[in-house]
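Read-outs throughout are calculated quantities, based only on the coordinates presented, and are distinct from any laboratory measurement. If you're wondering where the values come from, they're calculated on a predicted model, not measured in any experiment. FYI the Cβ positions are ideal-geometry reconstructions off the backbone, even for glycines, and counts take in every protein chain you see.
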Amino acid sequence: MAAPRERIGFIGLGSMGRPMATSLVRKRFPVAAFDTIAAHIATLVERGADSASDLASLVSAADVIITMLPNTPDVASVVGGPGGLLETGRAGMLMIDMSTIDPAASRSFGASLAKRRIQFMDAAVGRSPDHAERGESLFMVGGEASDLERARPILDAMGNKIIHCGPQGSGISMKIVNNFLAMATCQISAEALTLGTKLGLSMATMFDVITSSLSSNDHLKIYWPTKVLKGDVEPGFAIDLAYKDLSIGVSAAAAAGVPVFAGAAARECLGQARTGRGLGGKDITAVLLATAANAGIEAPRL
């Protein structure tokens, strides 16, 4: 007889968390959902999840807590805030943090929870909300091999690729490196397309040449045609979050003594797009709107 499935408490039902929690429900995991936005909880309940009235009740009813939250302080509140794991958790529980946060903070959460004999694993998520909808997320895992094996059926229910990056903190460190490259590349793509437009090239020509050459990147080739290049800049992955992730990367680089001139410049460009152009809540591809506006032209479309 198969072992009973572990009870999941899922916290954070945004554009990534909502489809991921839905995948767990579809794979018949018992899921209790919690979010600060009641409508997000209601959506999961409609899809078959239970709801939790507060953090303490969620923790008390779960074997595994999954967090998919915007920033480091949000995760800190689940670990050490009122009703959090340090207050109401039990020995033998597992916390899987999928948020994009400061790696040093991630390691400190693991150390604090270990004192209560609660396991901790960072499992940063790659790919887009569309991938999450299809159950095709990528997971970058930091933690003990035994914790990964325990979590593997849960991760398999939400994704199709799991990479064990090393000990606690390694998964989120890999995510920071990955997003550092992706976000900086988005800014360079926006500048290149704006330059080409000012030089009189059509968007169709630029797209054909770039995506057929070594200059291609999957953001531009696969994602941009579904967003800004067709006039849609609703997130997706918002510039505000991209700025936060790139800021974490720049700070991590400073702490490690790694000069990141291009990354720091890209972060400043994202800052200008979010504040100077008011695009913080728009999709990361909206950096093309900001770059084109700075050049005094309309953003090109396919």
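The slack between Ser216 and Asn294, meaning 0.36 nm per residue of separation minus the straight C-alpha distance, is 25.7 nm. Applying 1/(1 + (r/R0)^6) with r as the Cβ-Cβ distance of Ala204 and Ile163 and R0 = 30 angstrom yields a FRET efficiency of 0.25.
When the alpha carbon gyration tensor of the range 159-302 is reduced to an equivalent ellipsoid, the three semi-axes, largest first, read 27, 18, 14 Å. In this simple spin-label model, placing a label point 7 Å from the Cα along the Cα-to-Cβ direction at both Glu136 and Val45 gives a separation of 3.3 nm. The ranking of Phe139, Phe29 by Cβ neighbour count inside 10 Å, starting from the fewest, reads Phe29, Phe139.
Do the alpha carbons of any pairs in Lys198/Lys227; Lys161/Lys198; Lys175/Lys198; Lys27/Lys230 sit beyond 32 Å of each other, and which pairs?
Details: Lys198/Lys227 21 Å; Lys161/Lys198 41 Å; Lys175/Lys198 35 Å; Lys27/Lys230 34 Å.
Beyond 32 Å: Lys161/Lys198; Lys175/Lys198; Lys27/Lys230.
If you take the alpha carbon radius of gyration of the range 110-202 and divide it by 2.2 N^0.38 Å, what ratio comes out, to two decimals?
Details: Rg = 18.1 Å, N = 93, 2.2 N^0.38 = 12.3 Å.
Here the Cα radius of gyration is 1.47 times the empirical estimate.
Once you compute Rg and the Kirkwood Rh from C-alpha atoms, what is the Rg to Rh ratio for the range 8-168? In the range 8-168, Rg relative to Rh is 0.92.
Take every Cα pair under 8 Å whose residues are at least 6 apart in sequence, average their separation, divide by the length of the range 174-294, and the relative contact order is 41 percent. Each listed q (0.07, 0.14 Å⁻¹) maps to a log10 I(q)/I(0) for the chain from the Debye sum over equal C-alpha point scatterers, namely -0.29, -1.03.
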